[in-house]
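Colleague: This is the structure I want to talk about, given as structure tokens.
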Amino acid sequence: MLILGLNMFHADASAALVHDGEAVFAIAEERLNRIKHYGGFPTLAVKACLDAVGAKITDIDHVAVGQDRDANLAKKVQYALANPAKILNFIRLRQRKEAMRDVRSLLAKTLEVDPKGLRFQEHHLEHHIAHIASAYYCSPWEKAAGFSYDGSGDFVSTMMARCEGNDIEVLERVFLPHSLGSFYTMICEFIGYKKYGDEGKVMGLAPYGKDRYCAKVCEVVALRNGGFQLDLNYFKPLGSNQGMQVLPDGTVRLARHFSDRMVKLFGEPREPYAEITQRDMDLAYAMQHRFEEVFFDLLNELHRRVPVENLVMAGGCARNSVANGKLLTQTPFRHTWIQPAAGDEGLAIGAALHTHHSVLKQPRRYVMKNAYLGCEFSDSRIESDLKKANLSYRKLEREPLLDAAAAEIAAGNVVGWFQGRMEWGPRALGNRSIVAHPGLPNMKDILNARIKHREWFRPFAPSILVERQNEYFEHDHPSPFMLHVYKIRPEKREQLCAVNHVDDSGRLQTVSREENPLYYDLIQAFERKTGTPVILNTSFNENEPIVCAPQEAIDCFKRTRMDVLAIGPFLVLKTEN
């Protein structure tokens with residue numbers, strides 16, 4: 001049985017393919033069309049899914065979409081009637097979504113086939129159920145508490161659920177306009193980060209702030225009977241687009257979230273690229289602090305209703321790795337499984353797996369043990385692209401390649417590491433990574449000056465051998481998808497100075513040999529040379545989506561001051577080119 005999952009006409013459009021209950025391929029459209037957070041129809045992603053298994057669209061049994069315009073309709077109507085000026089906008093939005101709802105025609109047109117030849121059944125699933133499904137059905141557990149939260153989806157911002165066997169039972173929804181994601185976005189916009197997806201940047205700014213505004217920011221989000229409520233005086237009224245607009249070219253634009261009340265209380269908003277003041281840092285600190293307080297309160301309420309140790313989680317806010325790292329001490333949950341594509345690209349895999357297990361009642365047997373669900377390229381394709389780029393290179397066996405790459409990292413050089421299948425989700429996890437020495441004090445500045453050009457306050461991530469985690473970090477819960485921030489032990493901070501953030505923390509990736517044998521052995525080879533079982537890992541890109549194909553990696557290597565490219569079995573040195 002083949003099930004195609006889709007996230008379409010929504011930020012981070014994507015496609016995923018589930019074969020007999022197992023996720024075999026998944027990819028966001030941005031990786032293929034190179035438009036960050038692309039929000040149109042995932043044409044190239046659908047084709048990549050089919051090509052990966054040698055299938056045609058006529059072979060697909062079911063198509064599942066992680067959105068349902070009819071979900072929570074009564075709440076939408078209630079809000080529209082309470083805000084008469086918005087009714088026309090809501091009608092227009094509903095008409096626009098109706099045109100996008102005919103998946104059969106869209107796929108037939110995209111793939112240039114006769115719609116009459118398409119035999120699949122079509123399923124639409126509410127946004128947050130798809131999020132929870134993307135985590136629960138990929139986890140190893142038969143019973144768990146489910147939690148999803150983000151800006152908005154199908155007029156809901158937060159969902160709690162009981163997950164057991166094949167079923168996801170929804171226990172609670174928080175409806176718009178109340179949204180922790182909108183709260184976070186609003187303050188990010190106010191301090192000059194106005195682009196979709198900028199919230200993760202501001203999370204790195206928060207530790208530079210002080211608690212000057214915590215009391216005032218607490219007023220923006222109040223706790224209410226196991227839930228929360230925004231003070232809407234701080235926000236612009238909710239529009240028909242629920243705060244986000246997908247433009248005709250597929251790019252995503254945020255509507256302004258903050259009201260003039262923010263200006264009265266905190267002064268003029270910061271313009272993008274202007275100097276970051278202490279006020280901005282203090283607002284970031286207060287925002288993260290209040291976000292965590294509300295988040296932990298919600299999880300404690302969820303545990304009261306689902307008293308188990310296992311928590312599955314997804315939604316854009318589930319990428320708040322600082323909060324994730326603390327939840328194990330601030331709540332009764334002891335184990336987390338967070339979908340690596342926790343944002344909206346993950347809806348594709350959640351909708352497909354939900355169809356297989358909840359709709360079709362097929363037994364569970366799949367566990368997502370790694371996030372390497374994307375494209376892979378043959379050695380001959382890589383070598384052909386190297387020749388086209390007129391680069392000198394050496395072809396090495398596995399052990400010499402690992403030894404050579406580890407030696408370059410140990411010498412302080414920056415290495416592009418392009419291997420195997422591309423990662424699913426926003427994090428580079430050792431297959432489309434730039435790797436470097438974590439113990440050189442100037443390495444962060446070198447990476448930013450030569451390649452990444454990131455804001456000064458944003459930290460780089462450590463990848464560590466999983467069995468060595470407890471030696472270096474103050475928590476031993478693994479983080480295979482780089483979704484937890486933990487404190488680095490005091491005696492190890494100098495050894496990891498290039499990845500040690502200002503608050504002595506690191507957003508780590510734990511690496512096991514089972515999950516990624518080649519990357520694990522690279523870190524081990526580096527340890528043999530330096531005594532450190534950790535390397536600095538950042539995404540293989542330069543202000544663009546993470547590279548997918550060999551040509552993109554080669555182009556990034558050539559136009560930046562990267563020292564070395566290890567691509568498949570080939571080693572390319574900048575000094576020889």
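Colleague: Return yes when residue 271 is over 17 Å from residue 210 (Cα atoms), in a helix (DSSP H, G or I), acidic (Asp, Glu) and open to solvent by 30 Å² or more (accessible area, probe 1.4 Å) and no when it is not.
Modeller: Taking the combined requirement at face value, the residue does not satisfy it.
Colleague: Can I ask one more? Taking the stretch 465-507, which residues are in contact with a Ser or Thr (Cβ under 6 Å, 6 or more places away or on another chain) and outside any loop (DSSP other than H, G, I, E, B)?
Modeller: Across the stretch 465-507, the qualifying residues are 466, 469, 484, 485, 487, 507.
Colleague: I'd like to check something: does the stretch 412-422 contain any residue that is open to solvent by 40 Å² or more (accessible area, probe 1.4 Å), under 18 Å from residue 572 (Cβ atoms) and either modelled with pLDDT of 95 or more or among the basic types (Lys, Arg) (or both)?
Modeller: So far as the stretch 412-422 goes, yes, one or more of its residues are open to solvent by 40 Å² or more (accessible area, probe 1.4 Å), under 18 Å from residue 572 (Cβ atoms) and either modelled with pLDDT of 95 or more or among the basic types (Lys, Arg) (or both).
Colleague: Residue 495 fails exactly one of the following numbered conditions: (1) touching a Gly at 6+ places or on another chain (Cβ under 6 Å); (2) over 25 Å from residue 541 (Cα atoms); (3) buried (at least 22 other Cβ atoms within 10 Å of the Cβ). What is the number of that condition?
Modeller: The single condition residue 495 does not satisfy is (3).
Colleague: Right, next: Hey, can you tell me all the residues within the stretch 246-268 that are open to solvent by 40 Å² or more (accessible area, probe 1.4 Å) and touching a helix residue (DSSP H, G or I) at 6+ places or on another chain (Cβ under 7 Å)?
Modeller: Listed by number, the residues that qualify are 256, 261, 265.
Colleague: Of the conditions (1) over 27 Å from the mean Cα position of the chain (by Cα); (2) surrounded by fewer than 16 Cβ atoms within 10 Å (Cβ to Cβ), residue 571 fails just one. Which one is it?
Modeller: All conditions are met except number (2).
Colleague: How about the stretch 6-62: which of its residues are buried (at least 24 other Cβ atoms within 10 Å of the Cβ), closer than 17 Å to residue 552 by Cβ and aliphatic (A, V, I, L, M)?
Modeller: Matches in the stretch 6-62: 27, 28, 45.
Colleague: How many residues does the stretch 492-531 contain that are under 18 Å from residue 411 (Cα atoms), in contact with a strand residue (DSSP E or B) (Cβ under 9 Å, 6 or more places away or on another chain) and not small (Gly, Ala, Ser)?
Modeller: The qualifying residues number 8.
Colleague: Okay, next question. Being crowded, with 24+ Cβ neighbours inside 10 Å, within 21 Å of residue 291 (Cα to Cα) and in contact with a strand residue (DSSP E or B) (Cβ under 6 Å, 6 or more places away or on another chain) is the filter here; which residues of the stretch 337-352 pass it?
Modeller: Result: 338, 339, 342, 344.
Colleague: Which of the residues belonging to the stretch 244-268 are part of a loop (DSSP other than H, G, I, E, B), out of contact with any Asp or Glu (no Cβ under 8 Å at 6 or more places or on another chain) and under 28 Å from residue 212 (Cβ atoms)?
Modeller: Those that are part of a loop (DSSP other than H, G, I, E, B), out of contact with any Asp or Glu (no Cβ under 8 Å at 6 or more places or on another chain) and under 28 Å from residue 212 (Cβ atoms): 259, 267, 268.
The values are calculated or read from the model by the stated rules, or taken from the named source; none is laboratory data. Only a predicted model underlies this, so the values are computations on that prediction, with no experimental measurement involved. Cβ sites come from the backbone with ideal geometry, for glycine too, and all protein chains shown count toward neighbours. Heads up: the accessible areas ignore ligands, DNA and RNA and are worked out on the full protein's heavy atoms, side chains in. Shrake-Rupley method; radii C 1.70, N 1.55, O 1.52, S 1.80 Å.
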